[in-house]
Amino acid sequence: MGEFRMPSLGADMEAGTLTEWLVKPGDRVKRGEIVAVVETQKGAIEIEIFEPGTIERFLVDVGAKVPVGMPLALVRGEGEPKAEAAVPSEAKTAAAAPRPAEPTPTPSVPPSPPVAQVPPSSPQPAALLAPTVGRALASPAARRFAGEHGIDLASVPGTGPGGAIGIADIEAALKGAGAATEAPTPKAVGINLDQMRAAIAAGMARSKREIPHYYLQHSVDVTAAEKWLAGFNATRPPATRVLMAAVVLKAVAKAAKRFPEFNGFFRDGKFQASPAVHVGVAIAIRGGGLIAPAIHDADVLSIEDLMSAMRDLVQRTRGGRLRGSEIADPTITVSSLGDRGVEALYGVIYPPQVAIVGVGKVVTRPWVVGKRIAARPVVTVTLSADHRASDGHAGARFLAAIGDQLEEPERL
Amino acid sequence: MTKQQIRAALVEELSNVAPEADLASLDPGADLREALDIDSMDFLNFITAVDRRLGFAVPEADYQKLFTLDGAVEYIGTKLVKIGS
């Protein structure tokens, strides 16, 4: 009997609240089917299942806050007989959400590898948050953070689900203050902006703490890209027109495929390149905050399909209806502030990714063409990259490849 | 279609594109992109909605004529008269 678990939707996610089941016991489910909605710091996320079968039983009630890795439902595999499986003890703990008894019981299923070891391109259900005998219940992120600061987890009171220790508890312990508290705040468009700010703060603080960034910029003449795009859109209805943002996204995706040291994850002390290119698109939330969900396999999508995917993603992001794999899968991120008049932006890498590409506004500049100076539309593309995974020389070649793609858009 | 009807239709479509915005207090001469905090994707969605609702596909070269509500009403009104709507 398989288990459908609370997935990790980001390196710093510790728990999510189950807000809706979209299936019922007895329903057959396919790989990739959306089966539940979970409220996280990034808003309401639709969660997919990645093992086909039949929903045997729910283990968690709607409304329960559940740690990452906790079983949410039992799933009977194809051809597997119906059985009365024991409810994993940790699931009961989550549903009731009391502090765990000491010592915490060993889970009834073998612990999976830690979240950090899940292959980036395989959105499998996240690993079990394994509370082993004699060990404090803590999220992987909190455990790592405590280790970095020499904090003994046994001395930290946990304020998370089931008494789990989170990063906020470690920070509180570092300050010598009491445990952090969470104040309820109003929502906007289904997204709690204060929670989102907290998630951004945690992710970006970790990035700046752990990742040795280096920064490069490259200016690109986009005359050819603009001309190509104008011709492409001229005969199309607005519903199928393409924005320059999609052209840039495709150029980045193709360059990322060619330079794998910028496409993947730095985990467990080493870089793991991703065989697939899932480009995270930084999408601003009105009122504050941003999310960078993935467009899967962006390097092989046509420009039209990429634009369609981007349009859909922006709409669902701002409507607070993203999917779990879109949050968990980005292998590289693209951020653009050109619409806001910014000429160059230097992003902060979202860990465990190793690169973020920034795109500025297209501005008219004097540009040497042959032996003459001409007025040309120019965009500044930047790279913030992790020095543990790549060097500036490779970064320069990566940026140049993006520029080459934009200068020859017909090859996209 | 009167200009008043066009204005009402455009305001409704803008409220769909930027549901958080207070359209009642929108300065009709203000740049919509700044006033409503909309980006190029939102603006394309607005142009798409205009096409769907009013049956007129605004060419890319004319986008700038719709950057204000007053400009959009004037532009759409003129185009609809030309095509006999």
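The values are calculated or read from the model by the stated rules, or taken from the named source; none is laboratory data. These numbers were taken from a predicted model, which means no experiment stands behind them. Cβ atoms come from the backbone with ideal geometry, glycine included; neighbour counts cover every protein chain shown.
If we scan the range B:27-42, do we find a residue that is touching a Pro at 6+ places or on another chain (Cβ under 8 Å) and without any contact (Cβ under 8 Å) to a residue 60 or more places away in the chain? Please lay out each step first, then the result.
As a first pass, look at the range B:27-42 and keep what is touching a Pro at 6+ places or on another chain (Cβ under 8 Å): none.
Within the range B:27-42 (the criterion being touching a Pro at 6+ places or on another chain (Cβ under 8 Å) and without any contact (Cβ under 8 Å) to a residue 60 or more places away in the chain), the answer is no, since none of the residues qualifies.
Based on this model, can you work out whether residue A:342 counts as in contact with a strand residue (DSSP E or B) (Cβ under 9 Å, 6 or more places away or on another chain) and free of Cβ contacts under 8 Å to residues at least 24 places away in the same chain? Quick ask: steps written out before the conclusion?
On the way: in contact with a strand residue (DSSP E or B) (Cβ under 9 Å, 6 or more places away or on another chain): yes; free of Cβ contacts under 8 Å to residues at least 24 places away in the same chain: yes.
Considered against the rule, which asks whether it is in contact with a strand residue (DSSP E or B) (Cβ under 9 Å, 6 or more places away or on another chain) and free of Cβ contacts under 8 Å to residues at least 24 places away in the same chain, residue A:342 comes out as yes.
Among the residues of the range A:335-349, is any within 18 Å of the chain's Cα centre (by Cα), within 14 Å of chain B (Cβ to nearest Cβ) and either closer than 30 Å to residue B:16 by Cβ or in a helix (DSSP H, G or I) (or both)? Explain how you work it out, then say what you get.
Taking the range A:335-349 first, the residues within 18 Å of the chain's Cα centre (by Cα) are A:335-336, A:347-349.
If we keep only those that are within 14 Å of chain B (Cβ to nearest Cβ) as well, we get A:335-336.
From the residues that got through so far, the ones that are either closer than 30 Å to residue B:16 by Cβ or in a helix (DSSP H, G or I) (or both) too are A:335-336.
Yes, the conditions are met somewhere in the range A:335-349.
Could you pull out the residue among A:202, A:282, A:246 that is of a type in the set (A, V, I, L, M, F, W, C), in contact (Cβ under 8 Å) with a residue 60 or more places away in the chain and not assigned by TED's automatic domain parsing to the domain that holds residue A:382? Let's see the steps before the verdict.
Details: A:282 fails: not assigned by TED's automatic domain parsing to the domain that holds residue A:382; A:246 fails: not assigned by TED's automatic domain parsing to the domain that holds residue A:382.
Within the list A:202, A:282, A:246, the selection yields A:202.
Evaluate the following for residue A:388: is it at pLDDT 95 or above and under 28 Å from residue A:268 (Cβ atoms)?
Numbers: at pLDDT 95 or above: yes; under 28 Å from residue A:268 (Cβ atoms): yes.
Taking the combined requirement at face value, the residue satisfies it.
Can you work out which of the residues in the range A:290-324 that are buried (at least 22 other Cβ atoms within 10 Å of the Cβ) and more than 29 Å from residue A:408 (Cα to Cα) is modelled with the lowest pLDDT?
Filtering first and then ranking leaves A:318.
I'd like the residue in the range B:28-66 that is part of a loop (DSSP other than H, G, I, E, B) and within 18 Å of residue A:233 (Cβ to Cβ) and, out of all such residues, is farthest from the other protein chains (Cβ to nearest Cβ).
Ranking the qualifying residues of the range B:28-66, first place goes to B:56.
Within the range B:17-27, restricting attention to residues that are surrounded by 14 or more Cβ atoms within 10 Å (Cβ to Cβ) and within 9 Å of chain A (Cβ to nearest Cβ), which residue is modelled with the highest pLDDT?
In this case the residue turns out to be B:18.
The conditions are (1) touching a strand residue (DSSP E or B) at 6+ places or on another chain (Cβ under 6 Å); (2) under 22 Å from residue A:200 (Cα atoms); (3) buried (at least 22 other Cβ atoms within 10 Å of the Cβ), and residue A:46 fails exactly one of them. Which is it?
Just one mismatch for residue A:46, condition (3).
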